[in-house]
Every structure is written in C-alpha cells, then in structure tokens.
Amino acid sequence: MYAAKASACVSLQSESAFWRLHDTIFADQARLSNEGLEQKLDAISQQDQTLNGPKFKQCMLSEEPAQIVSRDVALADRLQVNATPTVFINGVRKNGAIAPDELQYLIRENNHKHSEQNGSRSGT
C-alpha cells in the first residue's frame with residue numbers, strides 16, 4: 001500500500017517523477033521495502049527538481065493518497081480488472097502483455113470498425 005500511496009503523492013506533483021518512481025518500483029518489485037522506496041524517492045527528488053520532498057512527505061501524512069488509491073481500486077473492481085497490464089480498446093478488454101505490433105493492429109481494426117459504424121449511420 002505504501003508504494004501505491006507514494007505513487008499517488010508523486011503523481012500529484014510531477015509526471016516525470018512519477019514515471020521514474022514507476023520504473024523503480026517495477027524494476028525491483030520483489031525486494032522493494034518501504035524503507036528502500038523512501039531512499040529511492042530521495043534519490044528521485046534530487047534528480048528531478050519537480051518533486052518537492054517536504055511536500056511529498058506532507059502528502060503522505062494526509063488522507064489524499066489513500067483516497068486516490070481507494071478510488072482506483074474501486075474502478076478496477078467495477079471494470080473487473082485483476083491483471084496487469086489490462087488494456088481497453090473502445091470498451092473491449094485485453095488482459096496480459098500485448099506486443100506493440102498486435103496492439104497497433106487491434107487499434108487500427110477497432111478504428112476501422114468504428115468508422116464503418118459511424119459512416120453507415122450518417123449515410124456516407
């Protein structure tokens with residue numbers, strides 16, 4: 001839960017710092033502790049001037065990150081998302097990793113179908 005709350009607080013301040021944190025978390029998920037994450041956050045804050053350390057710590061003490069995480073979990077529950085990655089293309093769910101070329105194909109196909117449906121309704 002700490003990593004999720006930390007991610008929420010970082011995302012409120014800086015998109016670039018959020019992605020640095022994201023990459024850090026996913027690079028070493030098995031061995032990442034709260035203390036280790038705090039050290040990595042300190043390093044990110046030194047590298048990325050858009051992340052304000054004291055403001056981050058104040059955020060972590062507030063209710064806001066828990067509310068953000070709860071809202072995201074509720075949305076995932078409502079959409080029945082229980083795997084990462086999960087991608088929705090025009091409401092169609094795809095669970096698991098998708099190769100970039102397959103993802104591009106799925107998007108193009110969906111856009112083509114969507115264009116045909118809209119064209120047939122408007123008479124074009």
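The values are calculated or read from the model by the stated rules, or taken from the named source; none is laboratory data. Given the structure is predicted, the values throughout are model-derived calculations rather than measurements. When we count neighbours, we look across all protein chains shown, and the Cβ atoms used for this are built from the backbone with ideal geometry, even at glycine.
Odds and ends about this structure:
- Within region 1-18, residues that are without any contact (Cβ under 8 Å) to a residue 24 or more places away in the chain have Cβ atoms under 8 Å from residues that are in a helix (DSSP H, G or I) and polar (S, T, N, Q) in these pairs: F18/S7; F18/S11, counting only partners at least 6 apart in sequence or on another chain.
- When the residues of region 3-31 are filtered to those that are within 25 Å of A74 (Cβ to Cβ) and at pLDDT below 90, the one that is surrounded by the most Cβ atoms within 10 Å (Cβ to Cβ) is I25.
- Within region 32-54, the only residue that satisfies the criterion of being buried (at least 18 other Cβ atoms within 10 Å of the Cβ) and of a type in the set (S, T, Y) is S45.
- Residue within region 55-77 that is exposed (fewer than 11 other Cβ atoms within 10 Å of the Cβ), over 17 Å from M1 (Cα atoms) and out of contact with any His (no Cβ under 9 Å at 6 or more places or on another chain) present: no
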